[in-house]
Amino acid sequence: MTFSAAPPDSIFPPLRIKDKTLLPIVQGGMGVGISAHRLAGSVAAEHAMGTIASVDLRRHHPDLMEKTGRSRDRAAIEEANLVALDREICAAQKIASGRGMIAVNVMRAVTQYIDYVQQSCKSGAEAIVMGAGLPLDLPEMTKDFPKVALIPILSDVRGVVLLLKKWMRRNRLPDAIVIEHPKHAGGHLGAAKKEDIGDARFDFSTVIPGVLEAFEKMGLAQEKIPLIPAGGINSHQQVKELIGMGASAVQLGTAFAVSEESDADIEFKKVLAQARKQDVVEFMSCSGLPARAVKTPWLEKYLRREEKLQAATNTNHKCTLAWECLLQCGLRDGIAKFGQFCIDNQLAAAVRGDVEKGLFFRGSETLPFGSAIRPVRELIQYLLTGEKPQLA
């Protein structure tokens, strides 16, 4: 593929969002710090959508960590993260050089979600992608930035219809919708309980036709809102099937997390790339959502103690990092059915490549290039054409 003002030719129709014409490939947001400026900018430079994960980006900036790494000052930590987010968006746009699209993923479950959304818009992000809770208030947060695309992450037809009805009352429609399958995606999952993860209502063959039918019933068929399935997509054949089903693009996370341009440490990439399917487990995160990750030494130890820790919850536990990153936290708030650990600590260890202490979020499926760590360009080319690079 060569750089140009427009995307290269593809056998698939382009993804159109706002005034952008893109290749139908979206890189999912992955925190803490896995998808920062280098990965998002590199994906956008290939005429696709690159996504920065907004939470706790100060960890990529030594000067900000020097000021706040041991701080107990919540306001200082929050301000440092907004400075870091601004830096990352600007750096990603510089790499993209006007190609593709730079989005920012904001979790609805974090306390600073409004600040992250508004800072992203001010700093030049072209889209806000929001999940980990229903983003019903996203139109209000972005009303002063009409050129910024709004992309909610949902998992079933019912959730999509509920959001559409709420947004239509505000005279706003999504510019695209990510349909994330909790049975296959990594990180926080769009199901209320672990037992719900495999429910057939989340299957793409159910959700994509169901949402298209809902568009018809709601008079939105002509709006051409792109649907972007995510979770477990690892081949050109799947891309072809999903677009044939009515999708406009596909989103991948783990496959991009192990690319050469990923912002994570090389040890992080090796853990994800070398994990077998039986090494990937589901558990309850401290946010109250089911999650999926590699069974590392830390996670194995935690899962052995989970029931005991949940039985011993109390409401007097102070935030481990003193900045209250989640709206609801199982450890801090003493919610027994939630996970009992500090997610920011564990994810920060992972991005540093600390296998003993890190929480390594990962999707459930095998990767397109097995355990090989390859450039973003090769991954996008394979998804679009089926052509694999020669691997050692």
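Things to note:
- Test: residue in the range 209-229 that is in contact with an Asp or Glu (Cβ under 6 Å, 6 or more places away or on another chain), within 20 Å of Gly28 (Cα to Cα) and in contact (Cβ under 8 Å) with a residue 40 or more places away in the chain: no
- Only one of Leu383, Leu331, Leu379 that is part of a helix (DSSP H, G or I), farther than 30 Å from Gln237 by Cα and either of a type outside the set (Val, Ile, Thr) or at pLDDT below 95 (or both): Leu331
- Taken over the range 120-131, the criterion of being free of Cβ contacts under 8 Å to residues at least 40 places away in the same chain and not in a strand (DSSP E or B) is satisfied by Cys121, Lys122, Ser123, Gly124.
- The helices (runs of 4 or more DSSP H) located wholly in the range 170-261 that include 3 or more residues which are open to solvent by 40 Å² or more (accessible area, probe 1.4 Å) occupy 204-217, 236-245.
- Residues of the range 356-376 include none that is part of a helix (DSSP H, G or I) and either surrounded by fewer than 21 Cβ atoms within 10 Å (Cβ to Cβ) or modelled with pLDDT under 95 (or both).
- Taking the criterion of being more than 22 Å from Arg70 (Cα to Cα), loosely packed, with under 12 Cβ neighbours inside 10 Å and not hydrophobic (A, V, I, L, M, F, W, C), the residues of the range 302-328 that qualify are Arg304, Glu307, Lys308, Asn314, Thr315.
- The number of residues in the range 142-169 being farther than 16 Å from Ile208 by Cβ, among the polar types (S, T, N, Q) and buried (at least 21 other Cβ atoms within 10 Å of the Cβ) comes to 0.
- Near pairs, Cβ below 8 angstrom, 6+ apart or cross-chain, from the range 58-72 (under 18 Å from Ala349 (Cβ atoms) and open to solvent by less than 60 Å² (accessible area, probe 1.4 Å)) to any residue that is assigned to a helix (DSSP H, G or I) and among the hydroxyl-bearing types (Ser, Thr, Tyr): Arg58/Thr68
- Selection from the range 73-92 of residues that are open to solvent by less than 50 Å² (accessible area, probe 1.4 Å), farther than 18 Å from Val351 by Cβ and touching a residue at least 40 places away in the same chain (Cβ under 8 Å): Glu78, Ile89
- Residue pairs meeting the criteria (Cβ under 7 Å; at least 6 apart or on separate chains; first within 14 Å of Gly363 (Cβ to Cβ), in the range 273-288; second modelled with pLDDT under 95 and open to solvent by 70 Å² or more (accessible area, probe 1.4 Å)): Glu282/Lys194
- Every listed requirement among (1) open to solvent by 30 Å² or more (accessible area, probe 1.4 Å); (2) part of a helix (DSSP H, G or I); (3) modelled with pLDDT of 95 or more is met by Tyr116 save one, (1).
- Test: Val110 is at pLDDT 95 or above and either of a type in the set (A, V, I, L, M) or out of contact with any strand residue (DSSP E or B) (no Cβ under 6 Å at 6 or more places or on another chain) (or both): no
- Scanning the range 377-387 for residues that are loosely packed, with under 15 Cβ neighbours inside 10 Å and either closer than 24 Å to Ala275 by Cβ or among the charged types (D, E, K, R) (or both) yields a single hit, Glu387.
- Contact map, the range 159-188: first residue acidic (Asp, Glu), second residue open to solvent by 10 Å² or more (accessible area, probe 1.4 Å) and not in a loop (DSSP other than H, G, I, E, B), Cβ cut-off under 7 Å, separation 6 or more or different chains; pairs are Glu180/Ile153.
The values are calculated or read from the model by the stated rules, or taken from the named source; none is laboratory data. Since we're looking at a predicted model, the values are computed, not measured. Positions of Cβ are backbone-derived with ideal geometry, glycine not excepted, and every protein chain shown enters the neighbour counts. To get the accessible areas, we keep the full protein, side chains included, count just its heavy atoms, and leave off ligands, DNA and RNA. Shrake-Rupley method; radii C 1.70, N 1.55, O 1.52, S 1.80 Å.
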